[in-house]
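Taken together, the values in this text are just the output of simple stated rules run on the coordinates, not laboratory data. On a predicted model such as this, the values are computed, not experimentally measured, just so you know. Positions of Cβ are backbone-derived with ideal geometry, glycine not excepted, and every protein chain shown enters the neighbour counts.
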Amino acid sequence: MSPPVLGAGFFARDTASVARDLLGCVVVSSAGGETTSGRIVETEAYLGAGDLGSHAATHGITARNAVMYGPPGHAYVYFTYGNHHMLNLVAEPEGSAGGVLIRALEPLDGVEVMMRRRIQGRRSASHLAVGDLANGPGKLAAALGIDLTVNGEPLDGSATLSVLGREGPAPVVASSGRIGLSAGHETELRFFIEGDRHVSPARPGLRVPSRSNTKGTGR
DNA sequence: TTCAAGATTTCCT
DNA sequence: GGAAATCTTGAAA
């Protein structure tokens, strides 16, 4: 009963549909020779031009977002805030920009490995529940051992990452506005499995741009 | 060449 | 609940 590996055909569609259909699918990583996997429970769709907040918007094709314009079924890894990677899956046919940000996973295999990676990479090894192992973009990337070396790799299983189709019935999908963006959060392009406890916690109030130390030492 | 901002997480008060 | 940590990229000078 091994689920099929999702090929380019799955990703060569409009980004919102891909993001929705990815819920319930399983991401498998073989980074570092250790196999880890998790079920996708939360995604966000990032389009190309016209989607403010996407790296592909207003800047044209650059070295960074070229992967989003490239062929579908590839990994697009982005590093931000100096601490965290984020895993995206490229959608849309080649030439059209589109990517699906994986925001949360339900850990399946390699839980011990993921927990070790999370603890090793960062500071103190305080309490770390399985539920908090991959319920955030940066968290799941760290748990799967994803870094910039994975950027641009195919998802067909020949490289570090692969995505398996979902086995059971379609989950209950809910949508909302995207999180954490300074722009473009009005569109409902965030999809998640309703009621799943591994979905990242909702933010009641929007994040405040707490950049209060912009003066003095110059950040 | 230099500066500013960011698709976040974590620790401290 | 608030602030710091830390690195890559894009745009301006």
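Here are some notes:
- Residue within the stretch A:124-131 that is more than 21 Å from A:Phe11 (Cα to Cα) and assigned to a helix (DSSP H, G or I) present: yes
- Selection within the stretch A:60-83 - in a loop (DSSP other than H, G, I, E, B), at negative phi and within 11 Å of DNA strand B (Cβ to nearest atom): A:Arg64, A:Asn65, A:Asn83
- Number of the exception - A:Leu101 against (1) under 17 Å from A:Gly136 (Cβ atoms); (2) hydrophobic (A, V, I, L, M, F, W, C); (3) more than 11 Å from DNA strand B (Cβ to nearest atom): (3)
Every residue, every condition in (1) in a loop (DSSP other than H, G, I, E, B); (2) touching a residue at least 40 places away in the same chain (Cβ under 8 Å); (3) within 16 Å of DNA strand C (Cβ to nearest atom), yes or no:
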{"site": "A:His85", "(1), (2), (3)": "no, yes, yes"}
{"site": "A:Pro93", "(1), (2), (3)": "yes, yes, no"}
{"site": "A:Ser96", "(1), (2), (3)": "yes, yes, no"}
{"site": "A:Arg103", "(1), (2), (3)": "no, yes, no"}
{"site": "A:Asp109", "(1), (2), (3)": "yes, yes, no"}
